[in-house]
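The structure under discussion appears below in the form of structure tokens.
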Amino acid sequence: MNLFEDLSEIVKENEPLAPYTWFKLGGPARYFIEPRDQDELVEITRRCHDNNIQIYVLGRGSNLLVGDNGVSGAVVRLSHPSFAKVTIDDTVVRAGAGASLSGLIRQCARHGLSGAECLAGIPGTVGGAIRINAGGRFGDIGNITQSVKLMDSSSYRFERKRDDIYFGYRMTNIMARFILEAEFLLTPDEPENIARLLKEVWMLKKSSQPMNSRNAGCVFKNPRAMSAGALIDKAGLKGAQIGGARVSERHANFIMAEDNATASDVLALIDKIKDAVQARFDVEIELEIDIWQ
Ligand code: EPU
């Protein structure tokens with residue numbers, strides 16, 4: 001019997017993953033699961049655990065490349081509104097992992113709360129952003145995070161407070177499989193100040209990064225005190241192309257997928273970039289995006 005037969009309303013088999021990612025590339029997931037509440041999440045996690053099925057947690061797919069053969073495990077997406085609630089109590093904001101960053105920013109701004117502006121223009125979920133401590137020049141999500149509710153792959157639920165969480169550059173020490181919810185502490189400010197900063201963050205992105213294209217944001221982390229984009233640019237790789245994958249002319253740390261692109265093209269271009277930067281500058285650049293294959 002199919003492992004999830006009785007849960008067919010929330011489990012799809014061999015579901016193509018490309019439409020769920022910003023690259024719009026990659027093969028299918030053996031199981032694709034969108035639980036409607038925490039009880040269903042616990043149940044599917046238990047079954048995956050008991051049957052040795054690897055779980056991948058998908059957010060907005062904006063920092064992800066799925067390989068052409070897809071993944072053989074279960075991809076879980078906390079897309080149901082029950083995982084996306086945002087509530088505000090004075091300066092404390094609680095948000096479900098599936099809430100969008102843009103929604104979070106909007107709610108904070110509406111309530112005259114400052115601190116989330118640095119996340120403007122990042123097309124992700126609260127859970128995905130915490131996982132990689134998303135942010136940019138103006139700060140990151142770790143700056144405002146007070147606590148997180150988590151669940152591990154054996155369905156054990158627990159909470160981590162700020163003092164036990166380490167937020168570094170595009171990383172945290174949160175290892176639990178699922179981030180369920182987060183609590184943020186913001187600072188009251190004048191709506192005009194918040195609006196001004198939001199505009200500034202957004203304008204900076206617009207002026208330096210490719211918009212309206214199939215990409216996954218910056219592909220590589222910045223090596224210590226250097227810019228990966230500048231290194232790739234100086235290595236002469238702007239516009240470099242393999243198949244349908246091309247290094248952006250606007251910002252060299254972005255790879256754009258064209259109509260005929262495959263995930264293998266992007267992977268080959270990633271290798272070419274790494275090799276070129278290593279050869280030219282003797283610097284090893286590390287991936288920022290997740291690769292599932
Ligand atoms: N630069 C070049 N050539 C390029 C790209 C950049 O010379 O092709 C130079 C710029 O002129 C600038 C320096 O490199 O002097 C840094 O560039 P930028 O200001 O664009 O910032 P970044 O370090 O490349 C970081 C984050 C971005 C974030 C921006 C703005 C990383 C890897 N990237 O980019 O995050 O949006 O700051 O806050 O940390 C992402 O994580 O996906 C992402 C896009």
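Please give the peptides 188-197, 122-131 ranked by average Cβ packing (other Cβ atoms within 10 Å per residue), highest first, as a rough proxy for protection. Spell out each step's value before the answer.
Numbers: 188-197: 13.7, 122-131: 25.9.
Put in order of decreasing packing, that is 122-131, 188-197.
Across the range 175-181, in residue order, what do the Karplus-derived ³J(HN,Hα) couplings come to in whole Hz, using 6.51 cos²θ - 1.76 cosθ + 1.60 with θ = phi - 60° and x for Gly and Pro?
Those phi angles translate into 10, 4, 4, 10, 9, 9, 7 Hz.
Let me have the 222 nm mean residue ellipticity of the chain computed from DSSP H runs of 4+ only, each contributing -39500 (n - 2.57), with the sum over all residues rounded to the nearest 500. Intermediate results must be reported in sequence, preceding the final value.
On the way: 6 runs with 73 residues, N = 293.
Result for the chain: -8000 deg cm²/dmol, rounded to the nearest 500.
Using the Cα centre of the range 56-129 as the reference point, and only Cβ charges (+1 on K/R, -1 on D/E), how large is the resulting charge dipole? Debye, rounded to the nearest 20. List each step's numbers first, then the result.
Details: 6 positive and 4 negative charges, 32 e Å.
Its charge dipole is roughly 160 debye.
Once the cut-off is 14 Å, how many percent of the Cα-Cα pairs in the range 252-293 end up in the long-distance tail? Show your work: numbers first, answer last.
Values: 454 of 861 pairs.
Beyond 14 Å sits 53 percent of the P(r) for the range 252-293.
What helices does the chain have that are whole DSSP H segments, at least 24 Å long along their own axis by Cα, and with mean Kyte-Doolittle hydropathy of 0.5 or more? Intermediate values should be presented prior to the final figure.
Numbers: long enough: 191-208 (26 Å, -0.39); 263-281 (27 Å, 0.42).
Going by DSSP H runs, there are no hits.
Per residue of the range 226-241, what does 6.51 cos²θ - 1.76 cosθ + 1.60 with θ = phi - 60° give for ³J(HN,Hα)? Whole Hz please, x for Gly and Pro, Karplus curve as stated.
Once θ is set to phi - 60°, the couplings for the range 226-241 become 9, 10, 4, x, 5, 5, 5, 4, 5, 6, x, 9, 4, x, 4, 9 Hz.
How big is the equivalent ellipsoid of the range 47-178 along its three axes, where each semi-axis is √(5λ) from the Cα gyration tensor, reported in whole Å from largest to smallest? Could you put the intermediate results ahead of the total?
Details: eigenvalues 133, 55, 43 Å².
Over the Cα atoms of the range 47-178, the semi-axes work out to 26, 17, 15 Å.
Accessible area per residue, 1.4 Å probe, Å², for the chain: what's the number?
On the way: 14220 Å² over 293 residues.
Result: 49 Å² of accessible area for each residue.
For the chain, set up a Gaussian network in which alpha carbons nearer than 10 Å are linked by springs, and say which option among Lys221, Lys199, Lys85 fluctuates the most.
Among Lys221, Lys199, Lys85, the largest mean-square fluctuation in the Gaussian network model of the chain belongs to Lys199.
Which of the pairs Lys221/Lys272; Lys234/Lys272; Lys199/Lys238; Lys234/Lys274; Lys85/Lys149; Lys238/Lys272 have their Cα atoms more than 18 Å apart in this structure?
Details: Lys221/Lys272 16 Å; Lys234/Lys272 14 Å; Lys199/Lys238 28 Å; Lys234/Lys274 13 Å; Lys85/Lys149 14 Å; Lys238/Lys272 12 Å.
The pairs that break the limit, which is 18 Å between Cα atoms, are Lys199/Lys238.
Have a look at His80, Gly168, Ile255 and report the one farthest towards the positive end of the charge dipole of the chain, computed about the Cα centre with Cβ charges (Lys/Arg +1, Asp/Glu -1).
So the residue furthest toward the plus end is Ile255.
Rounded to the nearest 20 Debye, what is the dipole magnitude of the chain about its Cα centre when Lys and Arg each give +1 and Asp and Glu each give -1 at the C-beta?
Values: 35 positive and 38 negative charges, 160 e Å.
Dipole of the chain, to the nearest 20 debye: 760 debye.
For the charge dipole of the chain, defined by +1 on Lys and Arg C-beta atoms and -1 on Asp and Glu C-beta atoms about the Cα centroid, which residue among Val71, Ile270, Ile289 has the Cα displaced farthest towards the positive pole?
Of Val71, Ile270, Ile289, it is Ile270.
Identify all aspartates and glutamates with a Cα-Cα distance to Lys205 below 17 Å; exclude those on the same chain that are fewer than 8 residues away in sequence.
Qualifying aspartates and glutamates at Cα under 17 Å: Glu117, Asp140, Glu249.
How big is Rg to Rh over the range 184-293, alpha-carbon atoms, Rh as the Kirkwood inverse-mean-distance radius? All intermediate terms of the calculation are to be shown ahead of the outcome.
On the way: Rg = 16.4 Å, Rh = 15.3 Å.
Using Cα coordinates only, the ratio equals 1.07.
What is the spread of the Cα atoms of the chain along each of their three principal axes, largest first, in whole Å?
56, 52, 32 Å, listed from the longest principal axis down.
Taking amide H positions as placed 1.01 Å from N in the peptide plane, with prolines and chain starts having none, which residues 5 or more places from Val57, or on another chain, fall under 5 Å of its amide H?
Val76
Take the alpha carbon gyration tensor of the range 47-102, find the square roots of its eigenvalues, order them as a ≥ b ≥ c, and report rounded if a/c is under 1.5; if not, report prolate when a/b exceeds b/c, else oblate. Before the final figure, lay out the partial values.
On the way: a/c = 3.85, a/b = 1.89, b/c = 2.03.
Because a/c hits 1.5 or more and a/b fails to exceed b/c, the range 47-102 counts as oblate.
The values are calculated or read from the model by the stated rules, or taken from the named source; none is laboratory data. For clarity, every value in this text was computed on a predicted model and none was experimentally measured. Here Cβ is always computed from backbone atoms with ideal geometry, including for glycine, and neighbour counts include all displayed protein chains. These accessible areas exclude ligands, DNA and RNA; they are computed on the full protein's heavy atoms, side chains included. Shrake-Rupley method; radii C 1.70, N 1.55, O 1.52, S 1.80 Å.
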